[in-house]
Structures are given as C-alpha cells and as structure tokens.
Amino acid sequence: MYGQKWEGRSFVGCDFTEADMRGLVTSGCTFTECTFDRTDLGESSHTATAFRSCRFDRAVLASTRFTSCSWLGSTFVDCAMRPITLEETDLTLAGLSGARLPKASLRGMRLREANLQDADLRDADLREADLTGARLLGCRLEGTDLRGARLDADGLVQATLRGARVDLDTAVAFAAAHGLRVE
C-alpha cells in the first residue's frame, strides 16, 4: 500500500497488522473498528478521514499529517508519534494513555473525554482545546500553553501543571479545584 491514494473508501473490521502504509494518502475514507498493530503509517497524509474505534498498537505515525480527521474512540498504545501534525482533528474519546507528544501543536483540538493518563504533553500548544471530561491523571502539562482551553476540576487537580500558561478563568478554576475560596 506504500504511496497509494485512497478516496471515499470505507473499511470495517479490517486488520492492517504490520502493513506498510508509508506515504499513503487518504481523503474522505472511513476506518471502523480496524486494527493497525505495528503498522507503518509514517509520512502518510489523511484529510477528512475517520478512524472510529480503531486500535493502533506500536504503530508508526511519525511525520504523518491528519487534517479535519476524527479519531473517535480509537486507542493508541506505544505508538511512535513524533513528529505528527494534527489540524482540526477530533480526538474525542481517544485512548492516548502514555502518549509522548511534547511540544505538539494541539491548538483548538477536541479532546473531550480522551484518556490522556500519564501522557507527556510538556510544552505543547493546547490553546482553546476542549479537554472537558478528559482523564488527565499523571498527564505532564508542564510549560504547556492552556490559555482558552476548557478543563474540568478533576483535570486541574490530576495533571502536572507546573509552569503551564493559563488565562485568568483557568487560574481561578485551578485555585477552586485545589480547595481555595476565591472571593
């Protein structure tokens, strides 16, 4: 599949284990409950493509571009994701526990109810990102830009936020989440 171009294709329950999909270009495709274990998707490009409830285990996503895509309910385990480009991509319910994405640009991303437990997002750009309901236990957000981001009280308590840049509303929510009375 190296270097192929797929447009408007739909895949359900397909197993792409150990497939060489480097350089693949997709547009308007849908992958539902597909398996990408040890799949090499490096240097691929995906536009308006949906990965719904897919599993990526030790997949290579380095130098991959996702534009206007959806990762709804997909799980990523020990994947090589650096560098990765995500633009206008919906990461709702995505399982990114332990993901290593320092300095990633996730500005404006929808990460509602995503599992970011133990993820490394140090120095990332999460401005205006929606992290409502995201699991952030042990998530490293040191130095991350969170201005305009939406976070729940649980996330503000569970994540490591030392040196993060926040707006006034988030600072007040952080203080309240840690038991301070803001008057």
> Can you run phi through the Karplus equation (6.51, -1.76, 1.60; θ = phi - 60°) for the range 29-44 and list ³J(HN,Hα) in whole Hz, with x for Gly and Pro?
Replying inline: 8, 10, 10, 10, 6, 9, 10, 10, 7, 6, 7, 9, 9, x, 6, 8
> Going highest first, how would you order 143-151, 164-172 by mean Cβ packing within 10 Å?
Replying inline: 143-151, 164-172
>> Can you give the local net charge around G148? Use residues other than it whose beta-carbon is closer than 13 angstrom to its beta-carbon, Lys and Arg +1, Asp and Glu -1.
In response: -1
> By its C-alpha gyration tensor, with a ≥ b ≥ c as the square roots of the eigenvalues, how is the range 46-86 shaped: rounded for a/c under 1.5, else prolate for a/b larger than b/c, else oblate?
Replying inline: oblate
> What part of the accessible area of the range 87-183, given as a whole %, is carbon or sulfur when the probe is 1.4 angstrom?
Replying inline: 46 percent
> Net charge near C79, counting Lys/Arg +1 and Asp/Glu -1 over other residues with Cβ under 12 Å of its Cβ?
Replying inline: +1
> Just from its helices, what would the mean residue ellipticity at 222 nm be for the chain, if runs of 4 or more DSSP H residues each count -39500 (n - 2.57) and the sum is divided by every residue, rounded to the nearest 500 deg cm²/dmol?
Replying inline: -2500 deg cm²/dmol
>> Under the rule a/c < 1.5 gives rounded, and otherwise a/b versus b/c splits prolate from oblate, where does the range 134-183 land using the Cα gyration tensor?
In response: oblate
> Which of the GluC sites (Glu not before Pro) found in the range 14-57 are in a DSSP loop and have at most 15 neighbouring Cβ atoms, other than their own, within 10 Å?
Replying inline: E18, E33
>> For T26, what residues show an amide H to amide H distance below 5 Å, using hydrogens built from the backbone and excluding near sequence neighbours?
In response: W6, S45, H46, T47
> Across the range 168-183, in residue order, what do the Karplus-derived ³J(HN,Hα) couplings come to in whole Hz, using 6.51 cos²θ - 1.76 cosθ + 1.60 with θ = phi - 60° and x for Gly and Pro?
Replying inline: 4, 4, 5, 5, 5, 4, 5, 4, 5, 5, 9, x, 7, 9, 9, 10
> How many nm separate the modelled label positions at D15 and E142, each set 7 Å beyond the Cα in the direction of the Cβ?
Replying inline: 4.2 nm
> Quick one: net charge of M1's neighbours, Cβ under 9 Å, K/R +1, D/E -1?
Replying inline: 0
> Using modelled amide H (1.01 Å from N, peptide plane; none on Pro or chain starts), what sits under 5 Å from the amide H of T75, excluding residues fewer than 5 places away?
Replying inline: C54, R55, F56, G95
> Can you list residues whose amide H is under 5 Å from D90's amide H, if they're 5+ apart or on another chain and H is modeled 1.01 Å from N?
Replying inline: C69, S70, W71
> Applying the Karplus parametrisation 6.51 cos²θ - 1.76 cosθ + 1.60 with θ = phi - 60° to the phi angles of the range 106-114, what ³J(HN,Hα) value in whole Hz is obtained for each residue in order, glycine and proline being reported as x?
Replying inline: 10, 4, x, 6, 9, 10, 4, 6, 6
> Taking the chain as a Gaussian network, where each spring joins two C-alpha atoms under 10 Å apart, which residue of A173, A50, A104 fluctuates the most?
Replying inline: A173
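The values are calculated or read from the model by the stated rules, or taken from the named source; none is laboratory data. Quick caveat, the model's predicted, so the values are computed rather than measured. Ideal geometry is used to build each Cβ from the backbone, glycine not excepted, and the neighbour counts take in all protein chains shown. These accessible areas exclude ligands, DNA and RNA; they are computed on the full protein's heavy atoms, side chains included. Shrake-Rupley method; radii C 1.70, N 1.55, O 1.52, S 1.80 Å.
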